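The structure appears below as structure tokens.
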Amino acid sequence: MEKLRDAFVREGDLEKQKQIAADVQARAVEIGTHVWVGQPNKPIAYRTDRIDGWIVAPVPLFWNLTKH
């Protein structure tokens, strides 16, 4: 993988770079460079009897909230 990366950087011809990039992608799939291990979850607590308008999203959003 390192040799392919170095060859890509040193190559000046665009068509050859495209071929090297395709070889890098094929090698990455072959050796499994990344593994999905899960998704982070940040639990949050809030009172449903006093706050309305809570937007369920992967990040905290603090607009559209009303307190009563």
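A short reminder: the numbers here are calculations on the coordinates, not readings from a lab. The shown structure was predicted, so the numbers you read here are calculated from the model rather than taken from an experiment. Don't worry about glycine lacking a Cβ; one is built from the backbone with ideal geometry, like all the others, and counts go over all protein chains shown.
Put a dot 7 Å past the Cα of residue 34, heading toward its Cβ, do the same for residue 47, and the two dots end up 4.3 nm apart.
The lysines within cross-link reach of residue 16, meaning a Cα-to-Cα straight distance under 19 Å and a gap of 8 or more places when in the same chain, are 3. When the Cα positions of 17, 55, 41 are compared along the charge dipole of the chain, 55 comes out farthest toward the positive end, with charges on each C-beta of Lys, Arg, Asp and Glu. In this simple spin-label approximation, residue 68 and residue 2 carry label points 7 Å from Cα along the Cα→Cβ vector, and these lie 6.4 nm apart. Once the trypsin sites (Lys or Arg not before Pro) in DSSP loops with at most 12 neighbouring Cβ atoms within 10 Å are cut out of the chain, the longest remaining piece is 1-46.
Can you work out the FRET efficiency for the pair residue 59 and residue 15, with r the C-beta to C-beta distance and R0 = 35 Å, to the nearest 0.05? Working from the Cβ atoms, E equals 0.25.
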